[in-house]
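Down below is the structure, laid out as structure tokens.
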Amino acid sequence: RSAEATADLENAAAIFDELGHGTARARVDLILGEQAARAGDFGAATALLEGALAALADQPSGSASARFHLANVAIEQGDLDGADRLLAEAIASVAALGIPTLMADLLHAQGRIRRLRGEVTAAIDRYRGALELVEQVRGSFRADRLRAAFLGDRVALYEDLVGALLERGGSNAAAEAFAVVERAKSRSLLELIRGAVENFTSGLADADDPEIRSLAAEAARLQAELNALYSRLAGEGEQDQRVVADLAWQDRVRQHERELSRIEHRLAATEPGAMALAVPADVEAVQSALDAETILVEYFLAGRELMAWIVDRHSVRLVRSVSDHARVADRVSRLRFQIGKALRPGALAGPRAARLLEDARLELMALHEAIAAPVLSAMGADSSAVRRLIVVPHGPLHLVPFHALREGRTASSGVDLIDRFEIAVCPSAGVFVHAARRPASARAQGAAVIGVGDAAAPLIPAEARSVARRLGADRVFIGDEATVERVTAGIGDARILHFACHGRFSPTSPLSSGLLMADRWLTVRDIARLRLQADLVTLSGCETGCNLVSDGDELLGLLRGFLSANAGAVLASLWTTSDSSTAALMDHFYHGLLGGPNGSSLRPSEALRAAQLALRAERPHPVLWAPFIITGAS
């Protein structure tokens with residue numbers, strides 16, 4: 001929110017001038033200068049930064065920061081020699097101070113200059129040095145959101161290193177670049193899944209330090225009040241809309257969320273020492289987790305370029321310039337628009353149903369051409385032996401139903417990707433490797449089914465009972481029985497979990513996204529505190545697979561909650577689902593999962609493919625058969 005930030009900074013500058021705090025005013029000018037440079041106003045940026053440098057001349061860290069920003073301005077204006085001198089002076093002034101974040105930024109900028117001069121190997125050396133410092137600082141943060149935010153601020157470093165490695169080339173360039181990409185994608189989630197990050201809030205209510213006890217109590221109070229606020233969304237139809245439109249209600253929710261996040265960060269800071277971070281996957285680790293019929297395709301947006309790695313058991317191939325960021329974002333937006341049109345009440349039952357189907361298929365064909373066709377072409381003849389694709393999306397691609405992408409010359413004559421492959425998705429290759437190697441829990445047993453319906457979704461209880469019978473569920477919570485307390489206490493050791501209920505995704509507050517239980521919303525925060533043994537969690541509700549994709553490609557939503565709670569795989573939806581279509585899909589899915597052709601059971605991605613093909617034959621519009629994706633072990 002650049003305009004708000006600038007207004008606050010200018011207000012601060014006026015106050016510091018009035019107080020005669022020249023040093024503080026200079027630090028404000030550093031940020032204002034950075035803002036001006038980002039806006040392309042290099043003259044104003046230079047004036048602000050040179051003034052700050054003069055005021056901070058006796059402060060090594062402050063003057064180094066000013067030189068760093070002046071160097072970036074010089075790089076943008078093509079003055080590489082001037083930028084290099086400024087960076088050398090800055091490094092000399094802070095070398096003995098031990099400020100790794102600033103040193104990482106300085107080395108990154110030096111790497112940019114070396115690369116622009118064509119000195120690629122020297123650039124890689126600078127980038128690697130900066131990256132190791134960034135990783136060192138990440139390890140000092142206990143809160144996963146702080147680690148994600150810190151990495152997200154420096155994602156350009158990882159992009160630049162990938163670009164330089166590929167520019168240098170060599171027989172191992174694709175594998176080297178892949179390892180760097182994995183260090184930049186969903187790292188915090190991988191650490192939560194692998195248990196490298198402990199739940200730092202556990203036991204704090206009984207801590208010896210009275211301040212920590214007080215903070216823990218305040219966090220519990222805010223969480224309870226948030227639960228009460230969100231319980232107002234448990235109404236039906238128009239009542240929900242009135243609550244969401246209530247500005248006072250929205251303000252209270254935002255205030256509580258901000259305060260709770262602040263307290264969680266303070267509590268995280270009470271944990272002493274650095275932590276051992278999970279090591280991301282490399283090509284060899286991925287290959288060891290693949291079978292002969294599976295290929296992993298990992299996408300990465302570096303600047304404007306979309307590239308993709310194709311990894312099988314014996315090789316890794318890189319496809320450059322698959323598409324560009326603007327084209328991908330536009331095509332995904334167009335597809336979401338068509339999905340929204342088809343979701344309007346009665347849209348697919350009226351005379352325009354055939355036209356809506358054609359329009360959706362045309363957008364899926366255009367998206368296939370933009371992101372899938374170059375990858376399939378690179379796979380070539382090898383793809384004939386492939387049954388399963390593990391897709392690792394990036395950025396806006398997390399919203400894409402890859403299984404519904406369509407190839408062909410016309411909308412009516414084309415075929416969907418699901419006709420060729422069963423498809424699973426993962427936030428990163430590291431998450432896939434962890435899921436593939438996840439041992440079956442000796443404690444896991446039976447199934448638990450939760451069903452909470454209402455007038456807007458009256459078929460939910462029937463779906464839940466049908467699923468419970470098919471699974472032979474030993475724990476069934478339907479209607480008023482499905483309170484948050486009873487559900488969370490009863491599902492920990494279940495091998496299969498099935499939630500049939502309303503889902504809610506909040507893009508403005510993703511940690512408050514949730515599943516509607518009988519008494520309140522089961523939020524992402526609640527879910528992340530669970531320790532599950534489930535090999536499969538099915539979220540049979542609306543938008544349960546939607547995520548806010550933050551910097552560092554971190555997914556914030558229900559998927560993150562269940563994966564970090566140790567779920568092996570999560571079946572969830574990318575958009576609002578039809579009550580009757582979902583019930584039919586789940587019937588097909590569990591039939592395949594528990595006893596497919598000739599009585600044999602199918603793996604989750606295989607069972608989902610069979611279910612979606614069966615449903616597509618009855619209900620051809622993808623909004624009805626294609627909303628669900630499977631993430632994790634498949």
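The values are calculated or read from the model by the stated rules, or taken from the named source; none is laboratory data. This structure is a prediction, so every number in the text was calculated from the model and none was measured. FYI the Cβ positions are ideal-geometry reconstructions off the backbone, even for glycines, and counts take in every protein chain you see. Protein only, heavy atoms only, side chains kept; ligands, DNA and RNA dropped before computing areas. Shrake-Rupley method; radii C 1.70, N 1.55, O 1.52, S 1.80 Å.
Could you say whether any residue in the range 93-112 is open to solvent by 40 Å² or more (accessible area, probe 1.4 Å), over 24 Å from Gln59 (Cα atoms), part of a helix (DSSP H, G or I) and in contact with a helix residue (DSSP H, G or I) (Cβ under 9 Å, 6 or more places away or on another chain)? Scanning the range 93-112, I find at least one residue that is open to solvent by 40 Å² or more (accessible area, probe 1.4 Å), over 24 Å from Gln59 (Cα atoms), part of a helix (DSSP H, G or I) and in contact with a helix residue (DSSP H, G or I) (Cβ under 9 Å, 6 or more places away or on another chain), so the answer is yes. Exactly one residue out of Leu30, Leu97 is closer than 24 Å to Gln136 by Cα and hydrophobic (A, V, I, L, M, F, W, C): that is Leu97.
Elements of the type helices (runs of 4 or more DSSP H) sitting completely within the range 464-580 and holding at least 3 residues that are over 15 Å from the mean Cα position of the chain (by Cα): these cover 484-490, 524-528. Looking across the range 341-381, the residues that are closer than 25 Å to Val286 by Cα and open to solvent by 80 Å² or more (accessible area, probe 1.4 Å) come down to Ser377, Ala381.
For every residue, the table says whether it meets (1) open to solvent by 40 Å² or more (accessible area, probe 1.4 Å); (2) within 25 Å of Leu189 (Cβ to Cβ).
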site: Leu536; (1), (2): no, yes
site: Leu548; (1), (2): yes, yes
site: Ser581; (1), (2): no, no
site: Ala584; (1), (2): no, no
site: Leu624; (1), (2): yes, no
site: Phe628; (1), (2): no, yes
site: Ser634; (1), (2): no, yes
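For the range 276-329, taking the residues that are of a type in the set (S, T, N, Q) and closer than 20 Å to Leu367 by Cβ, the one that is surrounded by the fewest Cβ atoms within 10 Å (Cβ to Cβ) is identified as Ser321. Every test in (1) among the aliphatic types (A, V, I, L, M); (2) assigned to a helix (DSSP H, G or I); (3) within 24 Å of the chain's Cα centre (by Cα) is passed by Val319 save one, and that test is (2). Across the range 291-306, the number of residues qualifying as part of a strand (DSSP E or B) and without any contact (Cβ under 8 Å) to a residue 40 or more places away in the chain comes to 1. From the list Ala455, Ala429, the lone residue that is aliphatic (A, V, I, L, M) and farther than 25 Å from Met586 by Cα is Ala429.
Would you mind stating whether Ser573 is touching an Asp or Glu at 6+ places or on another chain (Cβ under 8 Å) and among the polar types (S, T, N, Q)? Criteria met by Ser573.
Residues that are part of a helix (DSSP H, G or I), under 20 Å from Arg85 (Cα atoms), open to solvent by less than 80 Å² (accessible area, probe 1.4 Å) and of a type in the set (Lys, Arg): does the range 19-40 have at least one?
No: zero hits.
I'd like the full set of residues that are outside any helix (DSSP H, G or I), modelled with pLDDT under 80 and among the aliphatic types (A, V, I, L, M), limited to the range 241-288.
Ala274, Met275, Ala276, Leu277, Ala278, Val279
Looking only at residues that are more than 18 Å from Arg194 (Cβ to Cβ) and not in a helix (DSSP H, G or I) in the range 123-166, which one is most open to solvent (accessible area, probe 1.4 Å)? That would be Ser140. Thr576 passes every criterion in (1) more than 30 Å from Pro345 (Cα to Cα); (2) open to solvent by 50 Å² or more (accessible area, probe 1.4 Å); (3) among the polar types (S, T, N, Q) apart from (1).
Of the numbered criteria (1) free of Cβ contacts under 8 Å to residues at least 24 places away in the same chain; (2) on the phi > 0 side of the Ramachandran plot, the one Ser377 fails is (2). Residues of the range 587-599 that are surrounded by fewer than 23 Cβ atoms within 10 Å (Cβ to Cβ) and touching a strand residue (DSSP E or B) at 6+ places or on another chain (Cβ under 9 Å): Tyr590 alone. As a summary of the residue check, Ile390 satisfies the conditions (1) open to solvent by less than 10 Å² (accessible area, probe 1.4 Å); (2) in a helix (DSSP H, G or I) except for the one numbered (2).
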